[in-house]
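In what follows, a single structure is set out as C-alpha cells and then discussed.
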Amino acid sequence: MLKKLAIAGAALGMAAMPAFAHVTLEKGEAPVGSTYKAVFRVPHGCEGKATNVVRVKVPQGYYAVKPMPKPGWKLEKVIGKYEKPYNNHGTEMTEGVTEVVWSGGNLLDDEYDEFVVRGSLGADLEAGSTLYFPVVQECPDGAAARWIEIPAAGQSSDELQKPAPGIKLLEKAGGH
C-alpha cells in the first residue's frame with residue numbers, strides 16, 4: 001500500500017512540475033486601450049538543450065509592437081496585415097509586427113531569461129476575455145517547446161499541457 005501511495009504521489013508531483021516550466025507573462029492583466037509591455041519569462045531550454053530561438057506570435061488586437069533587442073540575440077520582426085485597421089495617435093495602421101523572433105542566443109536549460117515587446121491593446125478588445133501570445137522555443141537538433149495551446153470556450157488554461165501565455169483584459173482605464 002505504501003509503495004502505491006509513493007508512486008501516486010510521485011506521479012502527482014511530476015504532473016505539477018510542468019506548471020513551473022511554462023513560458024509566462026510577468027504581468028497577467030492589462031486594460032483594453034492601453035499600452036502593454038509583455039515580458040515573456042522563459043524558465044529553461046528544452047529537453048536538456050539550450051534554447052537558441054524564441055518566437056512570439058503577436059495576437060490580433062495587440063498592435064504597434066516594438067520588441068526589445070537582447071545582447072547576443074538577432075532580432076527579426078515579421079510584418080503582416082492586421083485583420084482590421086487601428087488608430088495609433090491619429091495614424092491609421094493596417095499592418096505591423098505579427099511575429100517577433102529572437103535567434104542565435106544561448107539560453108541553457110538550467111538558466112532563465114526574459115524577452116520583451118511593447119505595444120498597444122485595441123480599445124475594442126473584450127474586457128474580461130484573455131488575449132493569448134503563442135510562444136515557441138527552438139533548440140538544436142530540432143528539439144522545441146511549443147507553448148501554443150489556447151483553451152476552448154469554458155476550458156481553463158490549467159487543463160492544457162502546453163498553454164500559450166495570456167493576459168486578462170480589464171475594463172478601459174480612465175484618461176490617457
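None of the figures in this text is laboratory data; all of them are computed from the coordinates on show. Quick caveat, the model's predicted, so the values are computed rather than measured. Reconstructed Cβ throughout: ideal geometry from the backbone, glycine too, with neighbour counts over all protein chains shown.
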The rounded separation in angstrom of the Cα centers of region 31-64 and region 102-146 is 2
Ordered by number, the chymotrypsin sites (Phe, Trp or Tyr not before Pro) in region 112-159 that occupy a DSSP loop and have at most 11 other Cβ atoms within 10 Å are 112
For the chain, the longest principal axis of the Cα atoms and the Cα long axis of helix 2-16 enclose an angle in degrees, to the nearest 10, of 20
Between residue 77 and residue 156, Cβ-based FRET efficiency (R0 30 Å, step 0.05) works out to 0.40
Straight-line reach check, residue 66, cutoff 28 Å on alpha carbons, 8 or more apart in-chain or any other chain, hits among lysines -> 27, 37, 57, 74, 77, 81, 84, 162, 168, 172
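Between residue 34 and residue 143, 0.36 nm times their residue separation minus their Cα-Cα distance comes to what?
Numbers: separation 109, 0.36 × 109 = 39.24 nm, distance 3.63 nm.
My answer for the length gained is 35.6 nm.
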The local net charge around residue 134, scoring Lys/Arg +1 and Asp/Glu -1 for residues other than residue 134 whose Cβ lies under 11 Å from its Cβ, equals +2
